[in-house]
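As C-alpha cells, the structure follows; a few thoughts come after it.
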Amino acid sequence: MDTNGRYFKAFEKRVEALKGQFNSDRAKRQHAKGKLTAWERIELLFDADTFEEVDAFVTPEAQQFSFGTVEKSYGDGVIVGHGKVDNRLVFCYAQDFTIMGGSLGVVHARKIAKIQEMALKMGAPIIGLIDSGGARIQEGIASLAGYATIFHNNIHASGIIPQISVIMGPAAGGAVYSPALTDFVFMTNHTSYMFVTGPNVVREVLNEDVTSDELGGAEVHARKSGVAQMIFEDEENTILGLKKFLSYIPSNNVDNPPYVESNVATPDINERLRDIVPDDPNKPYDVKDVIELLVDKNSFYEISEQFAPNIVVGFARLKGKTIGIVANQPKVLAGTLDINSAVKGARFIRFCDAFNIPILTLEDVPGFLPGLDQEHFGIIRHGAKLLYAYNEATVAKITVILRKSYGGAYIVMNSKNLGGDFNFAWPTAEIAVMGPDGAVAVLYRKELEKSEDPDAMKKELVRTYREEVANPFVADEKGYIDEVIDPAITRMKIVSAFEALQNKWVKAPARKHGNIPL
Ligand code: HXC
C-alpha cells in the first residue's frame with residue numbers, strides 16, 4: 001500500500017480523531033460519577049483483543065434543529081460490535097453518556113438495530129450496555145422511530161438469541177422498554193436507574209419529592225418491581241457477574257447450553273440430605289441448602305434473588321450440564337405461592353424452555369397465599385401463568401417433592417398430569433388436597449363442635465389424616481408420582497433421569513401462538 005498516498009494520510013487523521021474523542025476529559029466526567037466509560041466496559045466484558053467495532057466512523061450530520069443542536073461526533077454516542085466472551089461469539093452495543101448524554105438519535109438507533117440484526121443472523125447473544133438519557137430530544141419523532149425499530153428487533157429475536165440489558169447509568173422514558181423486552185436485566189447499585197417518568201415529572205404532577213434511586217434504582221427494581229434480575233455493587237462486578245451468567249446459557253435456541261467440566265464431584269450418596277427437612281412440618285429450612293447438595297459444587301447461580309424470595313430460581317450444573325432450578329422456599333412465607341412468585345417462576349421457566357435448558361423443580365409448598373390483596377390483585381390470573389408456563393415447556397422436567405405438596409400448588413409445580421417427566425418424592429412428602437388442619441376443620445366441624453374434648457379429637461384426626469392421606473405412599477401406589485426415593489440418592493436419581501430425557505422431543509400443536517394469561 002502506498003503509505004504516502006493522500007488517502008492514507010486522511011485515514012490516519014480519522015483514526016487519530018476517533019482516538020482523541022475518547023481520550024479527552026470525557027472519561028474524567030464518567031469516573032467522577034463512579035461510572036466506567038463505554039470502552040472500559042467493553043474491555044472488561046470481552047476476551048483481550050477480540051472486540052471488533054462496527055460503524056466506528058458513522059457520523060451524524062451536524063444539525064441545527066429549531067430546538068437545540070446535534071453534536072458531530074464519530075459513532076454518534078454508541079459503540080457497537082462483536083467479540084469473544086470466554087471464547088464464544090457475543091454481540092454488543094455500549095452507549096457513551098459523554099456524547100449528548102448517550103441519547104438516541106437516528107444514527108445511534110440505526111447502529112444498534114444493525115448489530116441486533118447481525119446477532120440474530122449469527123445466532124449469538126446480544127448485550128446492551130445502557131447509559132442514556134433516552135430519545136434525543138432535538139431529533140424528535142425520528143428518535144422515537146429509532147426506538148420502535150430497536151423494540152421490533154428485540155421482539156423479533158425473542159426466544160431465538162439471548163438478549164441481555166445491563167443498565168449502567170440512566171435508562172429513562174421509553175428507553176426502559178428495550179431492556180424490559182430482553183431476557184434479563186442487570187443493574188449497578190447507586191449509579192443506574194430506570195423509570196418511565198423521572199423525579200422532575202413526579203414532582204410536577206404529584207408534588208412529591210423522590211430521588212432517582214428511590215424511584216428507579218437497582219434495589220427498587222431488584223426487590224419491588226422485579227424489572228432487574230441481577231444487581232451488583234459496582235460496574236466491574238456487574239460485568240464479571242454477566243460473564244459468569246453467560247457461561248450457563250446457550251448461544252441460541254437450537255444450540256445446547258455450554259458444557260463445563262465439573263472439577264469437584266459431590267458424592268452421589270449424600271447422607272446430609274436425609275436430615276435437611278425438619279421433623280416438625282411447620283419448621284422452616286433453607287431450600288438453597290438442598291440445591292447446593294444436589295448440584296455440582298458451587299455451581300448455583302441464582303436469578304432474581306431479592307424479588308419474591310418465597311420461590312428460588314436459577315441456573316446450576318449437573319455433571320457439567322446446565323439445568324434450571326425452580327424451588328419453593330419454606331424459609332419465606334412458608335414457601336406459599338403468591339402473585340410475584342408465580343410470575344417470577346413462569347418467566348424463568350419460559351426462558352429455560354426457549355433455550356433448551358432442562359428444569360428441576362424442588363417442591364415444598366403449603367398452597368397459595370391467602371388474602372384480600374392477593375385475590376384483588378389477581379392471584380388467579382397470575383397463578384395461571386405458572387401453570388401455563390410449566391405445561392407449555394417441552395424441555396425435560398423433573399420434580400422432587402421434598403415436603404408439602406397441597407392442593408392447587410401440587411398441580412402447579414410440574415405435577416405428573418401437568419406434564420412432569422419424572423416426579424419423585426421424599427418419604428417426608430405430604431401430598432393431599434389440603435393440609436391436615438384444614439381438612440379436619442372442613443370434614444369434622446360438626447363433630448368437633450359436639451365433642452367434649454375437641455382438642456384431643458382434632459389431634460387424633462390430624463394423626464389419622466397424615467397416616468392415611470397426606471403422605472407420599474398413596475400417590476406412589478396410584479402412580480401420581482413415579483417413585484418415593486431416599487433423599488440420599490436424589491442427585492444420582494436426577495442425573496440419571498435427565499440423561500434418560502436427553503433426547504426428549506415433543507411436537508407442539510400447530511397454532512399461531514397460545515394465549516398465556518398475561
Ligand atoms: C438530548 C440529552 C438527553 C436527551 C441528556 N442529554 N438527555 N440530550 N436528548 N434525551 C444531554 C444533556 O443535555 C447534557 O448535554 C448531557 O446529555 C448530559 O446530561 P446532564 O443532564 O448534564 O446529565 P445528568 O445531570 O447526569 O442527568 C442525566 C439525565 C438527564 C437524568 C439523563 O439528562 C435527563 O433527565 N435527561 C432527559 C431524560 C428523559 O426524560 N428522557 C426521556 C426522553 S423521552 P450537555 O451538552 O449539557 O453536556 C424518551 C421516549 C422514548 O426517551 C420513547 C420510545 C418509545
From largest accessible area down, sort D279, D364, D421; use a 1.4 Å probe on the protein chains.
-> D279, D421, D364
Förster-model FRET efficiency, 22 Å R0, D213 and S158, C-beta, rounded to 0.05 | 0.15
What percent does the relative contact order of the chain come to when contacts are Cα pairs within less than 8 Å and at least six residues apart?
-> 8 percent
For H156, the accessible surface traced by a 1.4 Å probe with all protein chains present amounts, in square angstrom to the nearest 10, to 110 Å²
Pairing the Cα long axis of helix 6-23 with the longest principal axis of the chain, what angle in degrees results, from 0 to 90 and rounded to the nearest 10?
-> 50 degrees
Residue-averaged 222 nm ellipticity for the chain, from DSSP H runs of 4+ at -39500 (n - 2.57), nearest 500 = -11000 deg cm²/dmol
Could you rank R445, R136 by how accessible they are, 1.4 Å probe, largest area first?
-> R445, R136
Given charges at beta-carbon only (K, R positive; D, E negative), |dipole| of the chain in Debye | 1400 debye
Describe numerically, in nm with one decimal, the distance between label points set 7 Å from Cα along Cα→Cβ at K121 and at E71.
-> 3.2 nm
Longest span of the chain, sites excluded, free of GluC sites (Glu not before Pro) in DSSP loop with at most 14 other C-beta atoms within 10 Å?
-> 262-451
Got a number for carbon plus sulfur as a percent of the range 437-518's accessible area, 1.4 Å probe?
-> 53 percent
Of all DSSP beta bridges located in the chain, what percent are antiparallel, nearest 5?
-> 40 percent
Just the C-alpha atoms of the range 320-364: what Rg/Rh do they give, with Rh taken as the Kirkwood radius?
-> 1.01
The alpha-carbon center of the range 435-485 and that of the range 67-91 are separated, in whole Å, by 64 Å
For I231, distant residues with modelled amide H under 5 Å away = M187
Given a 1.4 Å probe, the accessible area of the chain per residue, as a whole number of Å², is 48 Å²
Quantify, in whole percent, the carbon and sulfur part of the accessible surface of the range 227-320 (1.4 Å probe; protein heavy atoms only).
-> 46 percent
If you stretched the chain out fully between D455 and I137, how much longer would it get, using 0.36 nm times the residue separation minus the C-alpha to C-alpha distance?
-> 107.4 nm
The range 8-153: relative contact order as a whole-number percent, Cα under 8 Å and 6+ apart | 20 percent
Relative contact order (percent, whole number), the range 67-211, Cα cutoff 8 Å, 6+ residue spacing | 19 percent
At a 1.4 Å probe radius, carbon and sulfur cover how many percent of the accessible area of the range 111-202?
-> 67 percent
Cα-based Rg then Dmax for the chain, in Å, read 26.7, 109
Rounded to two decimals, the Debye log10 I(q)/I(0) of the range 157-289 (Cα scatterers, no solvent) at q = 0.14 Å⁻¹ is -0.82
What spacing in nm lies between the two simple spin-label points modelled at N503 and N298, each 7 Å away from Cα in the Cβ direction?
-> 3.7 nm
The range 373-426 to the range 160-230: how many Å between their Cα centroids?
-> 30 Å
Over 32 Å between alpha carbons, listed pairs K84/K507; K84/K319; K224/K458; K84/K331; K35/K72; K397/K446 = K84/K507; K224/K458; K84/K331; K397/K446
Estimated FRET transfer efficiency (N200, E305; beta-carbon r; R0 35 Å; 0.05) = 0.65
Helix 490-500: inclination vs the chain longest Cα principal axis, degrees, rounded to 10, gives 70 degrees
The range 314-369 versus the range 124-152: alpha-carbon centroid distance in Å = 33 Å
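The values are calculated or read from the model by the stated rules, or taken from the named source; none is laboratory data. All of these numbers come straight from a predicted model, not from anything done at the bench. No Cβ is skipped: glycine too gets one built from the backbone with ideal geometry, and neighbour counts run over all protein chains shown. The accessibility values were calculated without ligands, DNA or RNA, using every heavy atom of the protein model including side chains. Shrake-Rupley method; radii C 1.70, N 1.55, O 1.52, S 1.80 Å.
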